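Report on one structure; see the data block that follows.
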Amino acid sequence: MKDVLPSSETMDNSGTTRRGFYMVAIYGLWGIITAALGLPALVYLFVPPKARRQNEWVEAGDISQLAPGAPVEMSFRRNRVDGWKVTSEKTSAWVVKMPNDQIVAYSPACTHLGCPYHWEQTKNEFICPCHNSVFALDGKVVDGPAPRPLDRFETKIEGKQLLLGPVRQSDQTA
Ligand code: FES
């Protein structure tokens with residue numbers, strides 16, 4: 001008696017059945033769809049947010065005209081990262097040319113509760129109007145409730161331009 005295969009089980013020359021071909025195609029398609037849907041989820045779960053963008057160096061301004069002992073508030077834009085959301089925001093730094101020509105840039109937020117402070121040229125001090133914290137030119141606390149000196153940006157100088165990196169919290173000794 002002669003064996004007859006059903007048409008769906010017909011074997012080609014290489015021995016592959018039509019059913020086998022469909023199974024490979026279905027599983028292949030399923031794999032592609034799973035990868036397309038799963039890959040973004042894996043990236044979201046395991047790749048850290050773009051925090052590194054916060055560490056970008058930004059140009060704060062020209063420091064060639066800075067006079068020693070006369071702080072200047074420089075405004076600039078920098079990226080702020082909140083999870084996966086990156087927004088550009090305007091911020092500032094108090095830039096000081098120290099008597100020894102070193103350039104220092106302070107975060108504009110008071111170390112007590114974050115109010116913006118200002119430089120009082122007549123008193124030679126930074127004064128925070130919220131609760132009257134007073135800081136010296138070198139950022140140290142002179143008076144008031146501020147628990148620590150002013151926080152500083154990391155700084156880099158390229159030509160006349162001051163570049164600012166992340167803010168480093170000052171130590172706790174006021
Ligand atoms: S926020 Fe500056 S003294 Fe309180």
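We did not get these values from a lab; they are worked out from the coordinates using the rules stated. Quantities reported herein were computed from a predicted structural model and do not represent experimental measurements. Every residue, glycine as well, gets a Cβ built from its backbone with ideal geometry; the counts of neighbours run over all protein chains shown.
Can you give the Kirkwood hydrodynamic radius of segment 51-168 from its Cα pairs, in Å with one decimal?
14.8 Å
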task: Counting other Cβ atoms within 10 Å, keep those with at most 13, restrict to DSSP loop, and tell me which GluC sites (Glu not before Pro) in segment 88-174 are left.
output: none
message: Using the Cα centre of segment 51-168 as the reference point, and only Cβ charges (+1 on K/R, -1 on D/E), how large is the resulting charge dipole? Debye, rounded to the nearest 20.
response: 380 debye
